[in-house]
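Notes follow once the structure below has been shown.
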Amino acid sequence: MRRDDHRLLPGLAAVGIGLTLALAGCAPSTPSPSPTVSVSSSPTATATPTPTGPALVVAGSATQNLPFFTQVVSQVAAGPAAAQGRAYIDALTAAGFDKSAMQVTNDQTTVGNQADSIQFSVEWKGECLVGQVGPSVPGPQTRVLPLTPEGTCLVGQTRQIDW
């Protein structure tokens with residue numbers, strides 16, 4: 001930078017600020033519409049909650065239901081039972097998934113330590129919604145995977161869902 005250039009910087013900054021303010025004044029001044037609320041005086045009127053986020057699509061594919069599956073898994077993973085397979089099975093069942101189509105791995109190793117990760121799944125129309133959580137996993141993971149050649153979603157020993 002030349003010795004005289006430092007005198008130009010304050011002037012350029014002032015021009016830039018002035019230009020910004022001038023352009024801001026060019027924005028349309030049409031007010032945005034405010035939402036209107038209509039209230040019924042009928043004593044039988046009830047509020048209908050609007051669904052937020054994904055929902056179970058009973059006639060949909062596994063891929064269409066993955067966002068909802070992921071939402072349920074993430075809610076459990078954020079709670080106190082994050083390392084308990086039963087919590088995921090119970091939450092998925094409460095959300096509308098078929099418990100008889102689920103599998104889950106053990107929460108503990110054969111020597112009684114917490115498992116590095118647990119996996120759980122829901123068979124859905126010939127595919128699998130699969131979740132994995134645990135200390136060795138960077139946050140809840142969910143995927144749609146094909147059935148194994150044996151016709152199951154998880155490989156290896158799984159826990160009996162008998163509750």
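Of the conditions (1) in a strand (DSSP E or B); (2) in contact with a Gly (Cβ under 7 Å, 6 or more places away or on another chain); (3) not hydrophobic (A, V, I, L, M, F, W, C), Asp116 satisfies every one except a single condition; which number is it?
Going through the list (1) in a strand (DSSP E or B); (2) in contact with a Gly (Cβ under 7 Å, 6 or more places away or on another chain); (3) not hydrophobic (A, V, I, L, M, F, W, C), Asp116 breaks only (1).
Which members of the stretch 93-122 meet the condition of being over 13 Å from Thr158 (Cα atoms) and in contact with a Lys or Arg (Cβ under 8 Å, 6 or more places away or on another chain)?
Result: Thr93, single match.
Return yes when Gly131 is of a type outside the set (Val, Ile, Thr) and over 22 Å from Pro67 (Cα atoms) and no when it is not.
So Gly131 fails the test.
Among the residues of the stretch 104-155, what is the count of those that are exposed (fewer than 10 other Cβ atoms within 10 Å of the Cβ) and more than 16 Å from Val73 (Cβ to Cβ)?
8
Do we find a residue being in contact (Cβ under 8 Å) with a residue 60 or more places away in the chain and in a loop (DSSP other than H, G, I, E, B) anywhere in the stretch 74-87?
No, because not a single residue in the stretch 74-87 is in contact (Cβ under 8 Å) with a residue 60 or more places away in the chain and in a loop (DSSP other than H, G, I, E, B).
What residue, among those in the stretch 120-163 that are among the hydroxyl-bearing types (Ser, Thr, Tyr) and in a loop (DSSP other than H, G, I, E, B), is nearest to Ala87 (Cα to Cα)?
Step by step, filter the stretch 120-163, then rank; the result is Thr158.
May I ask you to verify whether Ser40 is at pLDDT below 95 and either of a type in the set (Gly, Ala, Ser) or in contact with a strand residue (DSSP E or B) (Cβ under 7 Å, 6 or more places away or on another chain) (or both)?
So Ser40 passes the test.
Does the stretch 52-74 include one or more residues that are more than 30 Å from Leu154 (Cα to Cα) and either under 19 Å from the mean Cα position of the chain (by Cα) or modelled with pLDDT of 50 or more (or both)?
yes
The values are calculated or read from the model by the stated rules, or taken from the named source; none is laboratory data. Everything numeric here is computed off the predicted structure, so don't read it as measured data. No Cβ is skipped: glycine too gets one built from the backbone with ideal geometry, and neighbour counts run over all protein chains shown.
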